[in-house]
Amino acid sequence: MLVQAAKILGAGLATIGLAGAGVGIGTVFGALVLGTARNPSLKDELFKFAILGFALTEAIALFALMMAFLILFAV
């Protein structure tokens with residue numbers, strides 16, 4: 001009973017990283033919009049960096065989700 005409660009609490013705490021990833025993705029694409037508005041000729045170059053930033057931020061979110069599932073369903 002206590003172990004199950006600790007697992008649920010730990011999994012819930014591990015999902016806090018998902019909120020940070022959402023903020024990070026918003027920041028990446030917000031910076032893309034701002035950069036494109038300031039210098040439209042660099043749109044393609046900025047988009048490449050934005051996709052890279054999105055991928056890295058999403059990887060962190062997937063790691064947080066994986067840790068939550070490991071805490072919840074591992075023995």
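The values are calculated or read from the model by the stated rules, or taken from the named source; none is laboratory data. These numbers come from a predicted model, not from an experiment. Cβ sites come from the backbone with ideal geometry, for glycine too, and all protein chains shown count toward neighbours. Heads up: the accessible areas ignore ligands, DNA and RNA and are worked out on the full protein's heavy atoms, side chains in. Shrake-Rupley method; radii C 1.70, N 1.55, O 1.52, S 1.80 Å.
List the relative contact order of the chain as a percent without decimals, with contacts defined as Cα pairs under 8 Å and 6+ residues apart.
Numbers: 50 pairs, mean separation 40.7, N = 75.
Once divided by the residue count of the chain, the mean separation gives 54 percent.
Can you give the accessible area per residue of the chain, in Å², using a 1.4 Å probe?
Working: 5500 Å² over 75 residues.
Counting only protein heavy atoms, the per-residue value for the chain is 73 Å².
Set the Förster distance to 30 Å, then compute FRET efficiency between Ile8 and Ile51 from the Cβ-Cβ distance, nearest 0.05.
Working: r = 35 Å, r/R0 = 1.18.
Taking R0 as 30 Å, the efficiency between Ile8 and Ile51 is 0.25.
Quick check on the chain: what are the equivalent-ellipsoid semi-axes from the Cα gyration tensor, as sqrt(5λ), descending, whole Å? Before the final figure, lay out the partial values.
On the way: eigenvalues 279, 22, 3 Å².
Each semi-axis is √(5λ); the values are 37, 11, 4 Å.
Roll a 1.4 angstrom probe over the protein heavy atoms and tell me the percent of accessible area of the chain that is carbon or sulfur. Intermediate results must be reported in sequence, preceding the final value.
Working: 4390 of 5500 Å².
The value for the chain is 80 percent carbon and sulfur by accessible area.
To the nearest 10 degrees, how steeply does helix 2-14 sit against the main Cα axis of the chain, on a 0 to 90 scale?
0
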